[in-house]
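Asker: So that we are looking at the same thing, I have put the structure below in structure tokens.
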Amino acid sequence: MADAHAFPFTFACRRSGNCCAIPGGIVRVTGAEADAIAAHLGLSPRAFASRYLQPDGERLKDGLGTRCVFLQDGAKAGCGIYPVRPAKCRQWPFWPEVLTDPALRELVERTCPGVAPRTERG
Ligand code: SF4
């Protein structure tokens, strides 16, 4: 995981759920992650794949609209598989590619209310 201090912003999750519903976003899962999520849900790997994975077996299916299938609503949005969520979800918004892709950085800063410019002290 990238060093959070290398980023020009700080992050404190506000539970908006926005990062789990980015238009065009995809949620990749490794085989090990898929197995862990399946076990967490009490499903066989095959049943999990059938219900929650895209045909390529490498991405979660979409929920309504652009939402991740595991995004849960409420005053504070939540992840239905939080303890076993994929690495990419754990690492948000400190993705290495954010440091090299200005458009992605702009998207992150616009999407997430928990992202704030880093100050001298922060
Ligand atoms: S798996 Fe959880 S944290 Fe990751 S995008 Fe879906 S709802 Fe969000």
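Asker: I'm trying to understand the selection: among the residues of the stretch 5-40, which are away from the ligand (no atom under 12 Å from the Cβ), modelled with pLDDT of 95 or more and in a helix (DSSP H, G or I)?
Answerer: Listed by number, the residues that qualify are GLY31, ALA32, ASP35, ALA38, ALA39.
Yes/no per residue for (1) touching a residue at least 24 places away in the same chain (Cβ under 8 Å); (2) open to solvent by 80 Å² or more (accessible area, probe 1.4 Å); (3) within 22 Å of LYS76 (Cα to Cα); (4) aromatic (Phe, Trp, Tyr):
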residue	(1), (2), (3), (4)
CYS19	yes, no, yes, no
ILE22	yes, no, yes, no
VAL27	yes, no, yes, no
ALA32	no, no, no, no
ALA38	no, no, no, no
SER44	no, no, no, no
ALA49	no, no, no, no
TYR52	no, no, no, yes
GLU58	yes, yes, no, no
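Asker: Also: So which residues in the stretch 80-108 are over 27 Å from ALA36 (Cα atoms), open to solvent by 40 Å² or more (accessible area, probe 1.4 Å) and assigned to a helix (DSSP H, G or I), if there are any at all?
Answerer: Hits for the stretch 80-108 are LEU99, PRO102, ALA103, ARG105, GLU106, LEU107.
Asker: Looking at LEU107, is it more than 16 Å from the ligand (Cβ to nearest atom), under 23 Å from ALA2 (Cα atoms), modelled with pLDDT of 95 or more and over 13 Å from the mean Cα position of the chain (by Cα)? Full working, then the answer.
Answerer: On the way: more than 16 Å from the ligand (Cβ to nearest atom): no; under 23 Å from ALA2 (Cα atoms): yes; modelled with pLDDT of 95 or more: yes; over 13 Å from the mean Cα position of the chain (by Cα): yes.
No: the conditions fail for LEU107.
Asker: Just to verify a result, which residue in the stretch 64-79, among those that are within 10 Å of the ligand (Cβ to nearest atom), in a loop (DSSP other than H, G, I, E, B) and touching a residue at least 40 places away in the same chain (Cβ under 8 Å), is surrounded by the most Cβ atoms within 10 Å (Cβ to Cβ)?
Answerer: If we filter the stretch 64-79 for residues that are within 10 Å of the ligand (Cβ to nearest atom), which is where we start, we get 67-72, 77-79.
Right, trim to in a loop (DSSP other than H, G, I, E, B) and you get 67, 69-70, 77.
Filter again for touching a residue at least 40 places away in the same chain (Cβ under 8 Å), leaving 67, 70, 77.
On the way: ARG67: 17, PHE70: 21, ALA77: 18.
Only one residue tops the list, namely PHE70.
The values are calculated or read from the model by the stated rules, or taken from the named source; none is laboratory data. Remember, it's a predicted structure, so these values are computed and weren't measured experimentally. As a convention, Cβ positions derive from the backbone with ideal geometry for all residues, glycine included, and neighbour counts pool all protein chains shown. Surface accessibility is based on the protein's heavy atoms, side chains included, excluding ligands, DNA and RNA. Shrake-Rupley method; radii C 1.70, N 1.55, O 1.52, S 1.80 Å.
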